[in-house]
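Student: The structure is given below, and queries will be raised subsequently.
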Amino acid sequence: MKKHRLFAAACVAGALALTVAACGSSSSSTSSTGGASSSTTLVGAGSSLVLPLVSKWVPDYAGKTDPPVTVTYGGIGSGGGIDAITNRTVDFGASDAPLSADQASACDNCLQVPWALSATAIAYNVSGVDNGLQLTPQIVADIYLGNITTWDDPAITKLNSGVDLPPTKITPIYRSDGSGDTYALTDLLSKISPDWKSQIGTSTLVKFPVGTGAEHNDGVAAALGQTDGAIAYLGAAYVSTNSLTEAALQNEARNYEEPTVKAISAAADTVKSVPSDNAISITAPPASAKDAYPLSTFTYAIVPQSSPKADALKKFLTYAIDPKGGQTFGPDLLFAPLPAPVLAADKSTIAKIGS
Amino acid sequence: MEAASTPANHPLLQGPPNLKRRRRVNRALEVVAWVSAVVAVAALFIVVASVFVKGVGALNLDFLTQGQVAFGPGGGIGNALVGTGIIVLLAAAMAIPIGVLVALYTSEFAKSRSASAIRYVLDILNGVPTIITGLFVVVLIVKPQGHQSGFAGAVGLAIVMLPLVARSTQEVLALVPSSVKEAGLALGVSRWRTIVSVIVPTAFGGILTASLVAVARAAGETAPLLLACSIFPTTTVTDPSQAMANIPIVIFQYSESPDPSKHTQAWAAALILILFVLLLSSIARVFSARVKKRLEGTR
Amino acid sequence: MEGTAASVGMTGVAPPGSGALGRRQRGRLDRIGDRSLYVITLAAALLSAVVLGGIGYEVVHGASASISHFGLGFITTNNWDPVPPHEVYGAASFIYGTAVSSFGALLIATPLSIAIALFLTELAPRRARTPIGTLVELLAAIPSVVLGLWGILVLGPFLRDHVEPGLHSVLGWIPLFGGDQSPVGLLPAMLILTIMTVPIVSSLTREIFLTVPKESKEGALALGATRWEMIKTTVLPYSRPGIVAAVILGLGRAIGEAIAVTQVIGGALGIHANLFVPADTLASRIASNATGAPTALNLASVFYLGVILLALSVIFNAVARLIIRRMTLKGS
């Protein structure tokens, strides 16, 4: 009857050993990087819009650092990212939405660094309708408010005379988690629709009166593919990777633009100076930006001003914003280069990170 | 059976017995019962078959050993397999000893009121929705530690496993013949010795069974991990103080993906999970039947 | 009885009075050992109580801001608007979704489970009973995330393309089936919860059926009853409280399911009679909103949903337990 003794002893030993290891391990390193200090890992979470770009950075950055720094990033949504960095359960957060006043004070001395520039696309799944359907932000607002319910609504057909629009019901798809794409969309719609502004408002999480919810950009793309007649807003990179059809949105200059690097840059070029908290809104840029895509957005890394990993964070962020570093991966994924004033503001903000 | 006479208005005494109709009703309901059993078994087969058919194609050595790819097609679930292994082992190492100890308390030491109070606590704990357990672990471990971890996930799973282990062990301990316990005490062996050297070894088979069932359950639990261990790197992590990839969360994430290749990977991961769970459950059943027979044989 | 001691391996224990340790020291060692084991097992038992208490406390504590802000009106408020200044939260929509998906699931699962239990205890050929019973119980072993995966990729599209149009055209005048087809919503959630609860309810019901006194059953058959009549007059009435307890336990399981439900339900607000539209339950809203709440009040309201969910499952559990206890007291 020896096996029971072995079993019991194994259980107790295992429990004790693992408890000791866990208790003492928050200050020790991970074995995956093989490094001796904890600054060889950086854990971040947040925006799924920037996820495609970050996933290019991770292996490249590990290759460029010695000892190699492993960046772990979870695309849990901008709201989750703000949450996580506020609770300090990650080393950096990522959000397409800047911190609100309440969030900034809850985060306790956090800095936001606009480290990439992209856009939120409006995609749709309507049989027989190709890429480039022309829509105005007002139409998008009406669709998501439930005022326009079928694809052959006169408001849409009027702008697309060459397209055969079916009488299919429109199913708006929105993000059920805290999302920077939701923030960008609601930011735009609040600017152009007083109805939207008073009824819904601008936030990473809003109450959508109609439609279906999905989690993260991935879930939105999946839901879009599953529902005929659906319309959705999602990070621009997800449109091409999933071969979706996207709309051309009308900007203030009355031109219809799809989210291309050129159109996104045109929107960002309207930024002449950066506010002290680095929060920049470039939705619905003025008519002087003739080719701008009206739903462009910066996306931010949010870091604590004082952090035990200050050094590692500074190095990583410097890499990320470097036009010859992280930014080189941008254009393929529909991320435009950071305009000069933003780059300058970033550098001075990064310099403020201390331990 | 009561010795009282059957009342005159008993349904079975209503006659003339319309035998044909009654037989037809009987037959019809027998068919309903058969069909129901078929439906239930069919549901099992449909789900398992779907998983098998859609997932078996992706199963190869590369898939099982490579880590994940963060964005885009390719990669495998190697890091998730390791992660789940570590997390489940950790959870078992916490839940099994504590569960057995709780069961020993209620069956050997506690007075009947304390024993039923603890049994009540275990019952409620068993019914706590696992998403709430996840919230608890976040507040208890993730927030103070400042990051998600395999350890936090393991604690969540351990809380789910604990009532299962404790209750099954209680049942097995109750089956240990009292003659065995009394024989020990009659020989002058102390209480603790009797328990450790006699009762537990006798019940060992049942404890093992209970552990297998609990491990099978924990391997598939997703909700606690969703909140405590869902942000992880694509590399293999073996340190439980860090967050690590795990099979249930990978399946969950891939299930929401628009990429068909990720769907296939999800099916394959689900296949491995189902095989593991079904294997453990079947072993546990066979074992449990044997254990019970043996214990009852010594009465 | 004489062989028992040897058969359980006690031959290694020295009889009292012999050996190197004197009787006194061994007595003290034994007392220390007894005491220590008592303390360890008591500590483990208290730990489980502390964990349960801790869960309750943390959930209520996390919800306190929302409880003090909205009070009990939260339960009847059908709104979830996270944007200040018109920030309002309420549980009504999710309580509705939980109720419809769970009760709907049990509505289908209960007759199915009773039929299966009857099949396994009365009708199936004896040798088939264990294997078929095992197969039904293995349904419970399928992890919920796998059921959710199957729900998203197989069941949802199947319902959308083949079942919902049919239901709509034939029964569309009933508000339940009046909506447009959708791959997500209350219907797939209900069906998945049915799959999850059938093994629980049927195995419990089966155990209860096995406790029906043989004499009652044989008596009915002796009086000339058909098998169904015997079941109807002896087995079912006897088992009724137990079946109720089993259903309540199944309900408790169904309301707590977060993962599989959140995968197929579509995360939308609103109380509609329609089964085809996206909806949300308490557990699934907690799962999707627990991280990423933009304001503190939002997070507190998510915890408030947790308080309601926890309270419901504790109540269901307690009621089921009470019924079972009354049944076993009556039976013995």
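The values are calculated or read from the model by the stated rules, or taken from the named source; none is laboratory data. Quick caveat: nothing in here was measured; it's all calculated off a predicted structure. Please note: Cβ atoms are built from the backbone with ideal geometry, for glycine as well, and neighbour counts cover all protein chains shown. Each accessible area value is taken on the protein alone, full model and side chains, heavy atoms only, with ligands, DNA and RNA left out. Shrake-Rupley method; radii C 1.70, N 1.55, O 1.52, S 1.80 Å.
Student: Can you find even one residue in region B:130-151 that is open to solvent by less than 30 Å² (accessible area, probe 1.4 Å), within 20 Å of the chain's Cα centre (by Cα), within 28 Å of A:Thr41 (Cα to Cα) and of a type in the set (Val, Ile, Thr)?
Tutor: yes
Student: Here's another thing I want to ask about it. Among all residue pairs at least 6 apart or on different chains, which show Cβ distances below 8 Å where the first residue, located in region C:51-63, is facing chain B (nearest Cβ under 7 Å) and the second is open to solvent by 30 Å² or more (accessible area, probe 1.4 Å) and in a helix (DSSP H, G or I)?
Tutor: Between residues of region C:51-63 that are facing chain B (nearest Cβ under 7 Å) and residues that are open to solvent by 30 Å² or more (accessible area, probe 1.4 Å) and in a helix (DSSP H, G or I), the close pairs are C:Gly54/B:Leu140; C:Glu58/B:Val139; C:Glu58/B:Leu140; C:Val59/C:Val307; C:Gly62/B:Val139; C:Gly62/C:Leu299.
Student: Which of the residues belonging to region C:282-302 are touching a residue at least 40 places away in the same chain (Cβ under 8 Å) and more than 20 Å from C:Ala260 (Cα to Cα)?
Tutor: Result: C:Ala293, C:Pro294, C:Thr295, C:Ala296, C:Leu297, C:Asn298, C:Leu299, C:Ala300, C:Ser301.
Student: Give me the pairs: first residue in region B:44-63 and within 16 Å of C:Ala140 (Cα to Cα), second residue at pLDDT below 90 and open to solvent by less than 20 Å² (accessible area, probe 1.4 Å), beta-carbon distance under 6 Å, and six or more apart or on different chains, which are they?
Tutor: B:Leu44/C:Leu139
Student: Additional query: Give me the helices (runs of 4 or more DSSP H) completely within region A:65-175, filtered to those with at least 1 residues that are within 14 Å of another protein chain (Cβ to nearest Cβ), under 14 Å from the mean Cα position of the chain (by Cα) and of a type in the set (Val, Ile, Thr), ordered by residue number.
Tutor: Once the helices (runs of 4 or more DSSP H) in region A:65-175 are filtered for at least 1 residues that are within 14 Å of another protein chain (Cβ to nearest Cβ), under 14 Å from the mean Cα position of the chain (by Cα) and of a type in the set (Val, Ile, Thr), what remains is A:78-86.
Student: Considering region A:250-287 alone, what residues qualify as being over 22 Å from A:Ile302 (Cβ atoms) and surrounded by fewer than 16 Cβ atoms within 10 Å (Cβ to Cβ)?
Tutor: A:Arg254, A:Lys262, A:Thr270, A:Lys272, A:Pro286, A:Ala287
Student: Being open to solvent by 10 Å² or more (accessible area, probe 1.4 Å), under 26 Å from A:Val126 (Cα atoms) and more than 10 Å from chain C (Cβ to nearest Cβ): is that true of A:Asp228 here?
Tutor: no
Student: Let me ask something additional. Identify, by number, the condition in (1) in contact (Cβ under 8 Å) with a residue 24 or more places away in the chain; (2) under 24 Å from B:Phe252 (Cα atoms); (3) among the small types (Gly, Ala, Ser) that B:Gly85 doesn't meet.
Tutor: Failing condition for B:Gly85: (1).
Student: Considering only residues of region A:305-341 that are among the hydroxyl-bearing types (Ser, Thr, Tyr) and touching a residue at least 12 places away in the same chain (Cβ under 8 Å), which is surrounded by the fewest Cβ atoms within 10 Å (Cβ to Cβ)?
Tutor: A:Ser306
Student: Now for a separate question. Counting residues that are more than 29 Å from C:Ala296 (Cβ to Cβ), touching a residue at least 40 places away in the same chain (Cβ under 8 Å) and within 18 Å of the chain's Cα centre (by Cα), which strands (runs of 3 or more DSSP E) fully inside region A:181-286 reach at least 1?
Tutor: Correct list: A:230-235.
Student: Taking B:Leu208 as the residue in question, decide whether it is in contact (Cβ under 8 Å) with a residue 60 or more places away in the chain, more than 12 Å from chain C (Cβ to nearest Cβ) and either in a helix (DSSP H, G or I) or not polar (S, T, N, Q) (or both).
Tutor: The answer is yes for B:Leu208.
Student: In addition: Take region B:286-299 and flag every residue that is within 25 Å of the chain's Cα centre (by Cα) and without any contact (Cβ under 8 Å) to a residue 60 or more places away in the chain.
Tutor: Across region B:286-299, the qualifying residues are B:Val286, B:Ala289, B:Lys293.
Student: Right, something else. B:Leu226: at the interface with chain C (Cβ under 8 Å from one of its Cβ atoms), at pLDDT 90 or above, open to solvent by 20 Å² or more (accessible area, probe 1.4 Å) and touching a helix residue (DSSP H, G or I) at 6+ places or on another chain (Cβ under 7 Å), yes or no?
Tutor: So B:Leu226 fits the description; yes.
Student: Criterion first (surrounded by fewer than 24 Cβ atoms within 10 Å (Cβ to Cβ) and either of a type outside the set (Phe, Trp, Tyr) or touching a residue at least 40 places away in the same chain (Cβ under 8 Å) (or both)) does A:Ser105 satisfy it?
Tutor: When the stated conditions are applied, A:Ser105 passes them.
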